[in-house]
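Reviewing the structure listed below.
Throughout, read-outs are computed from the coordinates displayed, never taken from laboratory work. On a predicted model such as this, the values are computed, not experimentally measured, just so you know. Reconstructed Cβ throughout: ideal geometry from the backbone, glycine too, with neighbour counts over all protein chains shown.
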Amino acid sequence: MPSMNKAIHKTAELFRDTGFLCTDVYIDPTKWSTRRKNIFLSALRDGLTTCGYETGQIIRIMVESYGASMQTLHRWNKHLQVKNIKEEMLEELLAYTCAWIRMSGEQDDWQYQHFLKQVEDGTVEFVPVPVLKSIKEEGAFVLKYLKSSESSEQEIRENLAKKIEDGEVIAIRINGGETYR
């Protein structure tokens, strides 16, 4: 596979603080491996990425550039944004997570202490995902609590999936001042 033109990186780096407005990226899914295509299609259909960090970022950027959202879940960063959790399931998830932290003996870990303090204060923004046997089990657990995508968001993700399946070039715009974490 040909490497990306390094001039793109250099140009963005030179103008990172002033004048760099955006870049348009055109992605040709016909050049992807079957594995990569399946990872993207699964994430687009579920609304959840459980792949590697860089691939998860690419999927999230692609989906967000079309106006939808995506929850990412990685082995080293397993937190759900409260805004993505079903309102009627939030209390149950918080209770389950607090109980899991206490039963697993993880309450001495600073990040879990911080979470438990936020629960007490009512200021929770992120909920840690309990450690289960596999990332697939954790993904299934998370899907139980995630809000259903609005039909428009689901439609956007389905359209992107269809474009990938049909081998259409996908255009995304990345604004210069945006940071992706």
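Each Lys or Arg adds one and each Asp or Glu takes one away; over the other residues whose Cβ falls under 15 Å from the Cβ of Leu160, this sums to -1.
If you place +1 on the Cβ of every Lys and Arg, -1 on the Cβ of every Asp and Glu, and leave all else neutral, what size is the dipole of the range 79-128 about its Cα centre, to the nearest 20 Debye? Don't skip to the end; give the middle numbers.
Details: 4 positive and 10 negative charges, 17 e Å.
Magnitude of the dipole: close to 80 debye.
Compared with the alpha-carbon gap, the fully stretched path from Tyr96 to Val25 is longer by 21.4 nm at 0.36 nm per residue. With R₀ set to 35 Å, the beta-carbon distance separating Lys37 from Trp110 gives a calculated FRET efficiency near 0.30.
Checked against a 28 Å cut-off, the cross-linked pairs Lys10/Lys147; Lys6/Lys31; Lys6/Lys162; Lys31/Lys78; Lys86/Lys133; Lys10/Lys136 give Cα-Cα distances beyond that limit for Lys10/Lys147; Lys6/Lys162; Lys31/Lys78; Lys10/Lys136. Close amide H contacts of Ile85 (hydrogens built in the peptide plane, cut-off under 5 Å, sequence separation of 5 or more or a different chain): Lys147.
For Lys147 and Glu13, a Förster radius of 45 Å and the Cβ-Cβ distance give a FRET efficiency of 0.75, rounded to the nearest 0.05. Based on the convex hull around the alpha carbon atoms, the range 79-128 presents an average projected area of 3.1 nm².
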